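Participant: One structure follows; several queries about it will come next.
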Amino acid sequence: MKFGQQLRDALFTDWKFYYVDYAGLKRFLYERTDKGYTADDEAEFVKLLDSELEKVNNFQQTKSSEMKRRIEYCEKQVDLITQNPAPDDAKREQLDVIEREIDAVISEVYELAKFTRLNFTAFIKIVKKHDKNAPFILKPVFAERLNSRPFFKENFDELLLELSRLYNIVRNGGVDVDGSKDPQSGNGQNFVRQTTKYWVHPDNVMELKL
């Protein structure tokens, strides 16, 4: 399957206007190379590419910040609920609401990870097509532009760890039963690591973590 079709099939519909316009960039490239690609064409292509990079980066950063705020909100709500002297049934209802919010955030973290991976791949592929078809080499210059935009460097592991911790607290009625067993906290005396290795396709890494 060609990447353009793969991108259309995999994109998250709610965010469809924020993905790189891979088809548009490819169309521009082929139309201009058919007529004889000029320096003016190159300047226009680079401008379009930079605009797409800025769009993707800004959206990814905005969504990432939003998810962090939603996680902080859930943390505060869990603390308030557990400190509330209300009956257990009432607390359980409130925790169920938070659990649904955590589920929603987990789903968006998955979509944002996929969004990041797909757009990064799209930029790499369109620059490769450019360098193959146009009389200019863009890869070294674009690599610097890409490195100045941190969207593809986002590490979702921290978000997933915090979501997992919150989810466990909520499912245990507001009690952090693993709070003293975190191997990263230095207090993991009762923590026993058992590891089994499997090969996982890169497209499925986030699904496995979630």
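Participant: I'd like the full set of residues that are touching a residue at least 12 places away in the same chain (Cβ under 8 Å) and either among the aromatic types (F, W, Y) or open to solvent by 60 Å² or more (accessible area, probe 1.4 Å) (or both), limited to segment 56-72.
Facilitator: The answer is F59, Q61, K68.
Participant: Another question about this same structure. Is there a residue in segment 20-35 that is closer than 23 Å to S107 by Cβ and either at pLDDT 95 or above or touching a helix residue (DSSP H, G or I) at 6+ places or on another chain (Cβ under 6 Å) (or both)?
Facilitator: yes
Participant: Before we move on, is E93 buried (at least 16 other Cβ atoms within 10 Å of the Cβ) and either free of Cβ contacts under 8 Å to residues at least 40 places away in the same chain or not in a helix (DSSP H, G or I) (or both)?
Facilitator: Judged against the criteria, E93 is not a match.
Participant: Go through the residues of segment 26-35 one by one and say whether even a single one is in contact with a Leu (Cβ under 8 Å, 6 or more places away or on another chain), open to solvent by 30 Å² or more (accessible area, probe 1.4 Å), assigned to a helix (DSSP H, G or I) and under 24 Å from K139 (Cα atoms).
Facilitator: No, segment 26-35 has no match at all.
Participant: What number of residues in segment 73-90 are under 30 Å from K153 (Cβ atoms) and surrounded by 19 or more Cβ atoms within 10 Å (Cβ to Cβ)?
Facilitator: The number of residues fulfilling the criteria is 2.
Participant: Please state which one of F123, F136 is modelled with pLDDT of 95 or more and in a loop (DSSP other than H, G, I, E, B).
Facilitator: Every option except F136 fails the conditions.
Participant: Additional query: Looking at S51, S64 in this structure, which one is small (G, A, S) and modelled with pLDDT of 95 or more?
Facilitator: Answer to the check: S51.
Participant: Something else: Count, please, the residues in segment 119-140 that happen to be touching a helix residue (DSSP H, G or I) at 6+ places or on another chain (Cβ under 8 Å) and without any contact (Cβ under 8 Å) to a residue 60 or more places away in the chain.
Facilitator: 5
The values are calculated or read from the model by the stated rules, or taken from the named source; none is laboratory data. This structure is a prediction, so every number in the text was calculated from the model and none was measured. Methodologically, a virtual Cβ is constructed for each residue, glycine included, from the backbone with ideal geometry; neighbour enumeration extends over all protein chains shown. Only protein heavy atoms, including side chains, enter the accessible area calculation; ligands, DNA and RNA are left aside. Shrake-Rupley method; radii C 1.70, N 1.55, O 1.52, S 1.80 Å.
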